[in-house]
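Taking it in order: structure first as structure tokens, then the write-up.
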Amino acid sequence: MTGAGTNTYLLGDDQVAVLDPGPAIPSHIDAILAAGAGRIKWIVCTHTHPDHSPAWQAVHEATGAEVIGALPADDMFQDDTFSPSWQLSHDDVLTTDEFTLRAVHTPGHVSNHFCFLLEEERMLFAGDHIMNGSTVVIVPPSGDMKAYIESLQLLLRYDLHLIAPGHGEVMEDSRSVVQWLVNHRLQREAKVIRGLRHTGRANLDQLVEVVYDDVDPGLHTMAKLSMSAHLIKLQQENRALQHSEDGTWELIEI
């Protein structure tokens, strides 16, 4: 699920911020400390999934660096050890003599997710909000498709040039990347609506065959997770209804 692994970024020269220290793998922690070479002053985490934050503790113990991020979200796949000294709010700013790093609250992948804008470079550190090479899986209940799309739209208000994802290579033409993701999600949502209209009241197994007919059936188990997130969004907007007695879904036509 992490592709080639989780990207850890070091920002600054004289004083260094480690962004997304990653999993608590000893060789990885040693590499961070060697690269920081006694200059690490901050540890910044986009969110607390176990591939992004757990190395914070060893780096903090070795350096005394200030820990910045949001407390773990309330779901089963979290780094519950994470204990920030600076609990982030939207638009908080870390200002140093070398750079300005602005926190942008971007729930959707998980509720405690933040992206960070390096203002001097117009570079967005996107964590798991945006990936290079794949779209983000939104898994309810911690994942929220409505919040995810709204968070993507929020990013279009910022002056972005580059996106540095948590997984994959840095992406240019950031606005086009974000707009493509918004359009992609809304197009899939439209296909969910068309699928429900075609099937009538249906369960997830029936619906996924129609909505994800362009995806290898071997991936339908994962596809049902994202489709559920779309359906929950439609229910939040009073455009779909789930029947509690059997879990089937039905479109609400206005």
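Since every read-out is calculated from the coordinates, none of them should be taken as a lab result. If you're wondering where the values come from, they're calculated on a predicted model, not measured in any experiment. Heads up, the Cβs are rebuilt from the backbone with ideal geometry, glycines too, and the neighbour counts pull from every protein chain shown.
Report the normalised scattering of region 146-204 as log10 I(q)/I(0) at q = 0.14, 0.27 Å⁻¹, calculated by the Debye formula with identical scatterers on the alpha carbons.
So the normalised log intensities work out to -0.52, -1.12.
Against the empirical 2.2 N^0.38 Å scaling, what ratio does the C-alpha Rg of region 92-142 come to?
So the Cα radius of gyration is 1.30 times the expected 2.2 N^0.38 Å.
Over region 140-254, how many percent of alpha carbon pairs lie in each 5 Å bin up to the one with the longest distance?
Whole-percent P(r) values from 0 Å outward: 2, 11, 19, 21, 17, 13, 9, 6, 2, 0.
Shape verdict for region 48-120, please, from the Cα gyration tensor: rounded (a/c under 1.5), prolate (a/b greater than b/c) or oblate.
Oblate.
Over all directions, what mean area does the Cα convex hull of the chain project, stated in square nanometres?
Convex hull of Cα atoms, orientation-averaged projection: 14.3 nm².
Report Rg (one decimal) and Dmax (nearest whole number) for region 193-232, counting Cα atoms only, units Å.
Expressed in Å, the Cα Rg and Dmax of region 193-232 come to 9.3, 25.
Taking K224 as the anchor, which lysines have their alpha carbon closer than 18 Å to its alpha carbon, excluding any fewer than eight residues away along the same chain?
List returned: K146, K191, K233.
For region 184-251, take the convex hull of the Cα atoms, compute a quarter of its surface area, and give me that in nm², please.
Value for region 184-251: 4.1 nm².
Residue farthest toward the positive end of the dipole of region 184-251, with Cβ of Lys/Arg at +1 and Asp/Glu at -1: which of A229, V215, G247?
Value computed over the given set: A229.
Taking 30 Å as R0, compute the FRET efficiency from the Cβ-Cβ separation of T81 and Q15 and round it to 0.05.
The pair T81/Q15 has a calculated efficiency of 0.75.
So, in Å, what gap is there between the alpha-carbon centers of region 103-167 and region 32-50?
One Cα centre to the other: 20 Å.
Please compute the modelled spin-label separation between R194 and D97, points set 7 Å along Cα→Cβ, answer in nm with one decimal.
In this crude label model, D97 to R194 measures out at 5.9 nm.
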